[in-house]
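K.L.:
Once you've had a glance at the structure underneath, I'll fire off some questions.
The values are calculated or read from the model by the stated rules, or taken from the named source; none is laboratory data. Here the structure is a predicted model, which means the values were calculated and not measured. All Cβ positions, glycine included, derive from the backbone under ideal geometry; neighbour counts span all protein chains shown. Quick note on the areas: whole protein, heavy atoms, side chains included, nothing else; ligands and nucleic acids left out. Shrake-Rupley method; radii C 1.70, N 1.55, O 1.52, S 1.80 Å.
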Amino acid sequence: MRRMIAVLLMCFTTSVFAVSEGDMAPNFKLRNIETGKGETLRKYRGKVVYLDFWASWCGPCRTSLPLLNNLRAELKRKGFEVIAVNLDENLDDAKKFLKRFPVDYPVLLDPKGRLPKKYDLPGMPTSYLIDRKGRIQKIHVGFKETDLRDIRRQAIKLLRKK
């Protein structure tokens, strides 16, 4: 419940950390849910990255995670990666969700919700399509199954740029 309130408050406040399309994506170091090791966004420089913020209580995430898994499988060899940042305070909630909706891409943990402040998340889920140089090219708020067509098209366009 605290997490939902915090995300809602973020929706109605402005931040000096707000990012926009064209900005460099703020780097971070978060723990991987599977390996327990810290990972940074910088590690993925040179790839097109779809950075997806989600939580177990997020209804649209039930749709987005499996579809993004399929997109990643399709485009991974071309240099595309999905990175999911889980915002659940309780690790067990995230693990239960992932058992039901498994993914093959990295899932990183931010139980204290520090990264959403850096990105000034406007809602849940929110995703950032980041080019090979680390610049945010598109910001997607919410998710419907029909959004995947545009996300795919935008990712392919970025993958074609070297």
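K.L.:
Could we say that Gln137 is buried (at least 17 other Cβ atoms within 10 Å of the Cβ) and either within 21 Å of Gly22 (Cα to Cα) or touching a residue at least 12 places away in the same chain (Cβ under 8 Å) (or both) here?
P.N.:
Yes.
K.L.:
Let me ask something additional. Restricting attention to region 75-93, report how many residues are part of a loop (DSSP other than H, G, I, E, B) and either over 11 Å from the mean Cα position of the chain (by Cα) or among the polar types (S, T, N, Q) (or both).
P.N.:
Qualifying residue count for the region: 4.
K.L.:
Can you tell me which residue in region 94-123 is nearest to the chain's Cα centre (by Cα), limited to those that are assigned to a loop (DSSP other than H, G, I, E, B) and of a type in the set (D, E, K, R)?
P.N.:
Result: Asp110.
K.L.:
With the checklist (1) open to solvent by less than 10 Å² (accessible area, probe 1.4 Å); (2) assigned to a strand (DSSP E or B) in hand, flag the one item Glu39 doesn't pass.
P.N.:
(1)
K.L.:
Next question, about the same structure. Within region 55-74, is there a residue that is of a type in the set (A, V, I, L, M), assigned to a strand (DSSP E or B) and touching a residue at least 24 places away in the same chain (Cβ under 8 Å)?
P.N.:
no
K.L.:
Moving on to the next point. Kindly indicate whether any position in region 54-70 is over 20 Å from Arg31 (Cβ atoms), among the charged types (D, E, K, R) and in contact with a helix residue (DSSP H, G or I) (Cβ under 6 Å, 6 or more places away or on another chain).
P.N.:
Within region 54-70, none of the residues are over 20 Å from Arg31 (Cβ atoms), among the charged types (D, E, K, R) and in contact with a helix residue (DSSP H, G or I) (Cβ under 6 Å, 6 or more places away or on another chain).
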